[in-house]
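Structure, as structure tokens:
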Amino acid sequence: MDYKTRKMHDSNEESDQKRRKADIKMERGPEKNIPPPIEHKAYARIGLLGNPSDVYDGRTVSISLANFWASVKLEPSDDLVIAPHPTHDLVQFKSLGHLVDRLKNEGYYGGVRLLMAICKVFNNHCKDNGINLHEGNFTLSYDTNIPRQTGLSGSSAIVCAALSCLLDFYKVRHLVKVEVRPNLILSAEKELGIVAGLQDRVAQVYGGLVYMDFSKTYMDDLGHGKYIPMDTNLLPPLHLIYAENPSDSGKVHSTVRQKWLDGDKFIISSMEEVANLALEGRAALLEKDYARLARLMNRNFDLRRRMFGEDALGALNIEMVEVARRVGAASKFTGSGGAVVAFCPDGPSQVKLLEDVCKKAGFVVQPVEVVPSRLKEIDLKTLLSK
């Protein structure tokens, strides 16, 4: 076969293949109407001021952190499938030692249980509130780059992203109020025995910079706190510090919570002061009084240290705070330990000192990137429909 004949033959064959593909596509028919996958991200968060008073009828100022996130993908499917993550839901190991090391560093559970829990809580909420859901099924999968045990709220980020997928898949975003969504996320985590407050979930649902008031009056009357988004441009440059191998951030609430429930005067008065720091911090941000903000951040950690004690906070966590303070930076936990937010009021030269001391101490340090508001027009309408 000469070149010209071969070229014509190849061209005819290519045309035949295109026709066959078109015929197959026409035969499939209804598959054209399969909805595309839905994917959402939820971001890590920094408790800038007021934490942990959110669990104690308090107030907080929090930031949604763009440096780290969890993503969830929902794809329509014949059966409802919760797909395990190839790393975080590992069930195959090289050896018994590998399994034991894995459990020691990562714990027993990955994200599958979180996805299952929010599916249950979402379904129950819709049933209880007369929200009808269509019969379609889906496959949920997730990924995350939020470092474990850093107090950056990695678990709730997975749940938050999954809830957003469910809202869009069932087309009920307009029927589930924004203020209620953090409660649903927290309820899913409580299903699994995770002890936490609403602060993280509010920050992840709203995005950006948010002032939150969890006073008993609001919680009793509304069923949720009062949440006020703030302009992220009010924030000064901040830095995140965390350890490569952090301690467990879940231990710090244990004894303090019981003392608070028992009416311990020191704990109650200290928590009230922590809550007031958030109120003062909101005013400081609105006025761009960053010297005052630095003092409030330091005071927040000092109060936590007095309430919880050094043994509960852990030497490594305390050292992250102290390293920053040695160069004059304000510093405090982002959450319950494992990571620290620092502010250098003296500017770039102080930031360089901070980077140097953190590197020497073996800590990771990076500028805080703030996520803008996550609320779309359809979400904002639920805020207006009181």
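Determine whether region 179-202 contains at least one residue that is over 25 Å from GLY50 (Cα atoms) and either over 16 Å from the mean Cα position of the chain (by Cα) or outside any helix (DSSP H, G or I) (or both). Working first, answer last.
From region 179-202, those over 25 Å from GLY50 (Cα atoms) are 191-192; that's our starting set.
Now narrow it down to the ones that are either over 16 Å from the mean Cα position of the chain (by Cα) or outside any helix (DSSP H, G or I) (or both): 191-192.
Yes, region 179-202 contains at least one residue that is over 25 Å from GLY50 (Cα atoms) and either over 16 Å from the mean Cα position of the chain (by Cα) or outside any helix (DSSP H, G or I) (or both).
For the subset of region 301-328 comprising residues that are touching a Pro at 6+ places or on another chain (Cβ under 8 Å) and not charged (D, E, K, R), which member is surrounded by the fewest Cβ atoms within 10 Å (Cβ to Cβ)?
The initial filter retains those residues of region 301-328 that are touching a Pro at 6+ places or on another chain (Cβ under 8 Å), namely 304, 316-317, 328.
Those still in the list that are not charged (D, E, K, R) too: 316-317, 328.
Values: LEU316: 16, ASN317: 25, GLY328: 13.
Restricting to residues being touching a Pro at 6+ places or on another chain (Cβ under 8 Å) and not charged (D, E, K, R), the top hit is GLY328.
Which of the numbered conditions does ILE228 fail, given that it passes all the others? Conditions: (1) in a helix (DSSP H, G or I); (2) modelled with pLDDT of 95 or more.
For ILE228, the failing item is (1).
Filter region 310-331 down to the residues that are within 27 Å of GLN258 (Cβ to Cβ) and without any contact (Cβ under 8 Å) to a residue 40 or more places away in the chain and list them by number.
GLU310, ASP311, ALA315, ILE318, VAL321, listed by residue number.
What about ASN132, is it assigned to a helix (DSSP H, G or I), free of Cβ contacts under 8 Å to residues at least 60 places away in the same chain and among the polar types (S, T, N, Q)?
Working: assigned to a helix (DSSP H, G or I): no; free of Cβ contacts under 8 Å to residues at least 60 places away in the same chain: yes; among the polar types (S, T, N, Q): yes.
Spelling it out, it is not the case that ASN132 is assigned to a helix (DSSP H, G or I), free of Cβ contacts under 8 Å to residues at least 60 places away in the same chain and among the polar types (S, T, N, Q).
Which residue out of LYS127, LYS104 is out of contact with any Phe, Trp or Tyr (no Cβ under 8 Å at 6 or more places or on another chain), under 27 Å from VAL195 (Cβ atoms), among the charged types (D, E, K, R) and at pLDDT 90 or above?
LYS127
Which of the residues spanning region 52-106 are in a loop (DSSP other than H, G, I, E, B), within 27 Å of VAL340 (Cβ to Cβ) and β-branched (Val, Ile, Thr)? Before you say what the answer is, go through the steps one by one.
Going through region 52-106, the residues in a loop (DSSP other than H, G, I, E, B) turn out to be 52, 56-58, 78-80, 83-95.
Then keep just the ones that are within 27 Å of VAL340 (Cβ to Cβ); that gives 52, 56-58, 87-88.
Hit for region 52-106 is THR87, nothing else.
Conditions tested, residue by residue: (1) modelled with pLDDT of 95 or more; (2) over 21 Å from ASP231 (Cβ atoms).
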| residue | (1), (2) |
| --- | --- |
| ALA324 | yes, yes |
| VAL327 | yes, yes |
| LEU354 | yes, yes |
| GLN366 | yes, yes |
| VAL370 | yes, no |
| LYS376 | no, no |
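State which residue pairs qualify: first residue touching a residue at least 24 places away in the same chain (Cβ under 8 Å) and closer than 21 Å to SER373 by Cα and inside region 65-81, second residue basic (Lys, Arg) and assigned to a strand (DSSP E or B) in any location, beta carbons under 9 Å apart, and separation of 6 or more residues or different chains.
Cβ pairs passing all conditions: LEU65/ARG45; TRP69/LYS41; ALA70/LYS41; SER71/LYS41; VAL72/LYS41.
At least 2 residues that are farther than 19 Å from PRO52 by Cβ and more than 24 Å from the chain's Cα centre (by Cα) in each: list the helices (runs of 4 or more DSSP H) lying fully within region 272-371 that qualify. Step through it out loud before you land on a result.
Working: elements: 290-308, 310-313, 315-326, 348-361.
So the answer is 290-308, 315-326, 348-361.
When both residues are 6+ apart or on different chains and their Cβ atoms are under 8 Å apart, which pairs have a first residue that lies in region 136-152 and is of a type in the set (Asp, Glu), and a second that is buried (at least 21 other Cβ atoms within 10 Å of the Cβ)?
Note: pairs meeting the criteria are ASP143/ALA70.
The values are calculated or read from the model by the stated rules, or taken from the named source; none is laboratory data. Because the structure is predicted, anything quoted here is derived from the model rather than measured. Every residue, glycine among them, receives a Cβ derived from its backbone with ideal geometry; neighbour counts consider all protein chains shown.
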